[in-house]
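The values are calculated or read from the model by the stated rules, or taken from the named source; none is laboratory data. Bear in mind that the values here come from a model prediction, so they are computed numbers and not experimental data. Cβ: placed from backbone, ideal geometry, glycine included. Neighbour counts: every protein chain shown. Surface accessibility is based on the protein's heavy atoms, side chains included, excluding ligands, DNA and RNA. Shrake-Rupley method; radii C 1.70, N 1.55, O 1.52, S 1.80 Å.
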Amino acid sequence: GLELSHCVGANSLGPALPWRSGAPCKMKRVRTVFKPEQLERLEQEFLKQQYMVGTERVDLAATLHLTETQVKVWFQNRRIKWRKQSMEQKAAKLSQFGVIQPATADSTDIKDHEEDTVDVEL
């Protein structure tokens, strides 16, 4: 499962917030820290294919001693990073030729890939 840290809100540092009083305890997810060997293998798999689904994802997660959700979210985040790098490279090439890209290009690209929105499952 997912590791959770201490309660956020009632026991947190600072003054009690009136709108938080009586509210149920909210658990904060601890960020996954991948081992270098795990990252190397995940990157190798990403170079082969940007989408890892089904039994391939289950097998990779088992091999790396990770949960399927951790592998899924890593691939989602890696695709976002890859798209951002691709956009930056494209912008750099265009700027060499004096072509200016419209500022809204990024927002339309992100809308086309809503399946990559990362949801933290608790």
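Couple of notes before you dig in:
- For the range 36-94, accessible area per residue (1.4 Å probe, heavy atoms of protein chains only), Å²: 64
- Working from label points 7 Å from Cα in the Cα-to-Cβ sense, the C25 to T67 distance is 1.8 nm.
- Per DSSP, loop chymotrypsin sites (Phe, Trp or Tyr not before Pro) in the range 40-96 with at most 16 further Cβ within 10 Å: Y51
- Partner lysines for K81 [C-alpha distance under 26 Å; skip if fewer than 8 residues away on the same chain]: K28, K35, K48, K72, K90, K93, K111
- Radius 12 Å from Cβ of E56, net charge of other residues (Lys, Arg +1; Asp, Glu -1): 0
- Simple spin-label estimate for A91 and E56 gives 3.0 nm between the two label positions (7 Å along the Cα-to-Cβ direction from each Cα).
- log₁₀ of I(q)/I(0) at q = 0.19, 0.30 Å⁻¹ - the range 36-94, Debye sum with one point per alpha carbon: -0.66, -1.29
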